[in-house]
Amino acid sequence: MKLSFTKMQGCANDYIYLDCRASGVPADIAALAQRLSARHFSVGADGIICICAAQTAGADGMMRIFNADGSEGRMCGNGIRCVGKYLYDKGIVKKEYMTIETAGGIKSLLLYTRNGKANTISVGMGKA
């Protein structure tokens, strides 16, 4: 099986990022998350984050997160910041304010850029 991915980390949360905008989320994503997240035996990560096409009008993208145990998570603040960086740096979203759908609701990101690259990213997480 050939798989293209990007690995990023934000404040020590490291995930494997799959661009699923065209292909959709792999059918075996839970097993794939378990297999690829195994540290010392595979890529090693906290899980897989799938970057998907937005389902809600006005949103710039959607994030689905699968933990290392295969369970689907609702949200990860550090993970979504990496999604914003990926979308901006790849030229997919060309604005410094974007909204990303998550299982925990739509989140707003603000990107601070320099030389065409996202340098610092903040996310509105809502009330704890």
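The values are calculated or read from the model by the stated rules, or taken from the named source; none is laboratory data. Quick caveat, the model's predicted, so the values are computed rather than measured. Cβ atoms come from the backbone with ideal geometry, glycine included; neighbour counts cover every protein chain shown. The accessibility values were calculated without ligands, DNA or RNA, using every heavy atom of the protein model including side chains. Shrake-Rupley method; radii C 1.70, N 1.55, O 1.52, S 1.80 Å.
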Review point. Is it the case that Glu96 is acidic (Asp, Glu) and either crowded, with 18+ Cβ neighbours inside 10 Å or touching a Phe, Trp or Tyr at 6+ places or on another chain (Cβ under 7 Å) (or both)?
Key: no
Review point. Given the structure, is Val83 of a type in the set (Val, Ile, Thr) and out of contact with any helix residue (DSSP H, G or I) (no Cβ under 9 Å at 6 or more places or on another chain)?
Key: yes
Review point. Is it the case that some residue within the stretch 35-52 is assigned to a strand (DSSP E or B), out of contact with any Ser or Thr (no Cβ under 9 Å at 6 or more places or on another chain) and of a type in the set (S, T, N, Q)?
Key: no
Exercise for review: Under 7 Å between Cβ atoms, at least 6 apart or on separate chains: pull out the pairs that start in the stretch 74-92 with a residue that is among the aromatic types (Phe, Trp, Tyr) and end on any residue that is open to solvent by 20 Å² or more (accessible area, probe 1.4 Å).
Suggested key: Tyr86/Thr6
Revision key, fill the gap. Within the stretch 81-113, the residues that are within 13 Å of the chain's Cα centre (by Cα), of a type in the set (Asp, Glu) and more than 18 Å from Phe66 (Cβ to Cβ) are none
